[in-house]
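First up is the structure itself, then whatever we jot down about it.
The values are calculated or read from the model by the stated rules, or taken from the named source; none is laboratory data. What you are looking at is a predicted structure, and each value in this text was computed from that prediction instead of being measured. Cβ coordinates were reconstructed from backbone atoms using ideal geometry, including for glycine residues, and neighbour counts include every protein chain displayed. With ligands, DNA and RNA removed, areas are computed over all heavy atoms of the protein, side chains included. Shrake-Rupley method; radii C 1.70, N 1.55, O 1.52, S 1.80 Å.
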Amino acid sequence: MTTNRFLDGEYAPVRAELTEHALPVTGTLPDWLDGRYLRNGPNPIADVDPDTYNWFTGDGMVHGVRLSGGDALWYRNRWVDSPATERRLNRPAPDSAGRAFLHGLGANTNVIGFQGHTLALVEAGLPCAELSEELDTLGVWDFDGTVRSGYTAHPLEDPATGELHSVSYHFGLGNKVRYSVIGVDGRERRRVDITVGGSPMMHAFSLTESTVVIYDLPVTFDVETAASSAVPRRLRPIAELAMSAVVGRVPMPHLLSERLPRNRAGSLPYSWDPDYRPRVGLMPREGGDADVVWIDVDPCFVYHPMNAHEENGAVVIDLAVHDRTFDRDRTGPIDGGHRMERWTLDPLRRTCRREQLWDAAVEFPRVDDRFVGRAHDCGWVVGDEGGGLFGSLLARMGGRLGEPVVRRFGDGVFAGEFTFVPRSSDAAQGDGAVIGLVTDMANESTRLAVLDAQTLEDIAYVDLPQRVPAGFHGNWLPTASS
Ligand SMILES: [Fe+2]
């Protein structure tokens, strides 16, 4: 009997890779939608222990729908190849260039297009992968060998330059996190290692036209707990074992596994750390470690900022804020309330003013990506009126505290992250469609929903041949750049 909500219901993994052509469409797909909607998420390929499974550790699976000329040409779902999937799929795992212990889990968190490449992304030092047009894994992606210690699931592309900015973390970096800029040639051109208070989980960052925002918040690597409880002499073997626990593939020595913390699920070596000093760092884009201005904030956690911009010398950020995470419940990210807030960070006074934008439990905020780092007029969120992560709620939030436009899909229906697609490259901000997956558990079916981005009214739906498990992040990759 499953006891882990991230293996049940709307989260339950699917067991097969499907390919289906000429999908049924309800309504009319706009002819300006020519490309692929792709979405990544955890989907364990084998049975996992519900007592120890953490949602973040499931094998990555990418679902995709190809749209063109008003037709839905195909649906595919493919695991991201890894050693974990090699034997069961009879496909070789991509070469990890000797980074063996970083090599167990197919990238499971995001999927993006960058300079003509389709990239499956993950964080914490795990390898990212390049996918083909039809979602087959082509190999480990390390930006032409320039990013060897892992990347992030949440880079931001500067709309002015096309460069890819990121802040990545990995317990092997010690008390550093890494800011990097990938040039339009696909290679890292700039790297700054930033000193933080310990070894925090840093799921995302924010970017303005001149500032990098670093969230140094109190979820930290558990290596000290693991080391002090079992093998005290050398950090690296412990770290490797703990990372093996993350990917769930390497048997833990009995003595160690018995002593590792097992707070419902012990498989993720990151947990809420009430003794960690929560801060947000502001670094000039061209600055260095010594230039970071640190501002204390109340204990909380941020997975997903919506967007940030500069305003009168301050950095203003709309973001989804969790009261805590991975504290009492370590099976997944919901462990306390969460909501959208606006933070105004004053680098001179070193203050953070927090305002609640909306009291609904919403997450997965997105904006019109052409305005990343700039003031935004609107953004889109999904949520659950019962306080869970996913539910029947989709909303367009105004950037200036306007009343949200709310769309409810109905009881038993779960809306995943919605991403914005502009009507044309020069369309006004927010003029276009939002696209996402909507699953009705009454008949265990999933549709790709295409909605008017402003009114959230229906434009078209595509019926998919199977239920798509609730997952992480999706994006629209237009044909011209995919
Ligand atoms: Fe995320």
(request) For residues that are crowded, with 22+ Cβ neighbours inside 10 Å and in a loop (DSSP other than H, G, I, E, B), tally how many sit in the stretch 151-166. (result) 5
(request) Would you be able to say whether some residue in the stretch 361-371 is farther than 30 Å from THR195 by Cα, within 16 Å of the ligand (Cβ to nearest atom) and either within 18 Å of the chain's Cα centre (by Cα) or surrounded by 18 or more Cβ atoms within 10 Å (Cβ to Cβ) (or both)? (result) yes
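Just give me the residues in the stretch 440-482 being open to solvent by 10 Å² or more (accessible area, probe 1.4 Å), more than 16 Å from the ligand (Cβ to nearest atom) and assigned to a strand (DSSP E or B), in sequence order. Can you show your working first?
Applying the first criterion (open to solvent by 10 Å² or more (accessible area, probe 1.4 Å)) to the stretch 440-482 yields 440-445, 447, 452, 454-455, 457-459, 461, 463-467, 470, 472, 475-476, 478-482.
Keeping just the survivors that are more than 16 Å from the ligand (Cβ to nearest atom) gives 440-445, 447, 452, 454-455, 457-459, 461, 463-467, 476, 478-482.
If the condition is that a residue be open to solvent by 10 Å² or more (accessible area, probe 1.4 Å), more than 16 Å from the ligand (Cβ to nearest atom) and assigned to a strand (DSSP E or B), then ASP440, SER445, ARG447, ASP452, ASP458, ILE459, TYR461, ASP463, TRP476, PRO478 are the ones that fit.
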(message) Looking only at the stretch 318-337, count every residue that is more than 16 Å from the ligand (Cβ to nearest atom) and not charged (D, E, K, R) and tell me the total.
(response) 3
(request) Evaluate the stretch 385-396: report whether one residue or more is without any contact (Cβ under 8 Å) to a residue 24 or more places away in the chain and basic (Lys, Arg). (result) no
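Looking at the structure I just gave you, is GLY336 open to solvent by 20 Å² or more (accessible area, probe 1.4 Å), more than 21 Å from SER199 (Cβ to Cβ) and in a loop (DSSP other than H, G, I, E, B)? Explain how you work it out, then say what you get.
On the way: open to solvent by 20 Å² or more (accessible area, probe 1.4 Å): yes; more than 21 Å from SER199 (Cβ to Cβ): yes; in a loop (DSSP other than H, G, I, E, B): yes.
For GLY336, the condition - open to solvent by 20 Å² or more (accessible area, probe 1.4 Å), more than 21 Å from SER199 (Cβ to Cβ) and in a loop (DSSP other than H, G, I, E, B) - is met.
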(request) Could you please give the count of residues in the stretch 190-239 that are assigned to a loop (DSSP other than H, G, I, E, B) and at pLDDT 65 or above? (result) 15
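Residues that are closer than 24 Å to VAL421 by Cα and within 27 Å of the chain's Cα centre (by Cα): does the stretch 47-61 have at least one?
From the stretch 47-61, those closer than 24 Å to VAL421 by Cα are 61; that's our starting set.
From what is left, the residues that are within 27 Å of the chain's Cα centre (by Cα) are 61.
Checked against the condition, which is being closer than 24 Å to VAL421 by Cα and within 27 Å of the chain's Cα centre (by Cα), the stretch 47-61 yields at least one hit.
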(message) Quick check on my filter: what residues within the stretch 102-114 are within 16 Å of the ligand (Cβ to nearest atom) and either touching a Leu at 6+ places or on another chain (Cβ under 7 Å) or more than 26 Å from TYR270 (Cβ to Cβ) (or both)?
(response) LEU105, ALA107, THR109, ASN110, VAL111, ILE112
(request) Please go through the stretch 286-303 and pick out each residue that is out of contact with any Gly (no Cβ under 7 Å at 6 or more places or on another chain), assigned to a strand (DSSP E or B) and touching a residue at least 60 places away in the same chain (Cβ under 8 Å). (result) PHE301, VAL302, TYR303
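Please state which one of MET283, MET306 is within 16 Å of the ligand (Cβ to nearest atom), in a strand (DSSP E or B) and of a type in the set (A, V, I, L, M).
Details: MET283 fails: within 16 Å of the ligand (Cβ to nearest atom).
Just a single option satisfies the conditions, and that option is MET306.
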(request) Could you check how many residues of the stretch 12-58 are open to solvent by less than 10 Å² (accessible area, probe 1.4 Å), more than 19 Å from GLY471 (Cα to Cα) and not in a loop (DSSP other than H, G, I, E, B)? (result) 1
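In this structure, is GLU341 surrounded by fewer than 23 Cβ atoms within 10 Å (Cβ to Cβ), of a type in the set (Asp, Glu) and either more than 21 Å from the chain's Cα centre (by Cα) or within 16 Å of the ligand (Cβ to nearest atom) (or both)? Give the steps one after another, and end with the answer.
Values: surrounded by fewer than 23 Cβ atoms within 10 Å (Cβ to Cβ): yes; of a type in the set (Asp, Glu): yes; either more than 21 Å from the chain's Cα centre (by Cα) or within 16 Å of the ligand (Cβ to nearest atom) (or both): no.
Considered against the rule, which asks whether it is surrounded by fewer than 23 Cβ atoms within 10 Å (Cβ to Cβ), of a type in the set (Asp, Glu) and either more than 21 Å from the chain's Cα centre (by Cα) or within 16 Å of the ligand (Cβ to nearest atom) (or both), GLU341 comes out as no.
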(request) Name every residue in the stretch 382-414 that is at pLDDT 85 or above, open to solvent by 30 Å² or more (accessible area, probe 1.4 Å) and under 20 Å from TRP343 (Cα atoms), in order of residue number. (result) ARG396
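Name every residue in the stretch 55-89 that is small (Gly, Ala, Ser) and within 26 Å of PRO333 (Cβ to Cβ), in order of residue number.
Taking the stretch 55-89 and keeping what is small (Gly, Ala, Ser), we get 58, 60, 64, 68-70, 72, 82, 84.
Across the stretch 55-89, the qualifying residues are GLY58, GLY60, GLY64, SER82, ALA84.
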(message) For the stretch 115-171, give me the residue count where each residue is over 12 Å from MET202 (Cα atoms), within 16 Å of the ligand (Cβ to nearest atom) and either aromatic (Phe, Trp, Tyr) or touching a His at 6+ places or on another chain (Cβ under 6 Å) (or both).
(response) 2
(request) Look through the stretch 416-439, keep the residues that are hydroxyl-bearing (Ser, Thr, Tyr) and part of a strand (DSSP E or B), and return whichever of them is farthest from the chain's Cα centre (by Cα). (result) THR439
(message) Out of everything in the stretch 177-189 that is open to solvent by 10 Å² or more (accessible area, probe 1.4 Å) and not in a loop (DSSP other than H, G, I, E, B), what residue ends up being nearest to GLY113 (Cα to Cα)?
(response) GLU188
(message) Being farther than 23 Å from GLY430 by Cβ, open to solvent by 10 Å² or more (accessible area, probe 1.4 Å) and without any contact (Cβ under 8 Å) to a residue 40 or more places away in the chain: is that true of ARG330 here?
(response) no
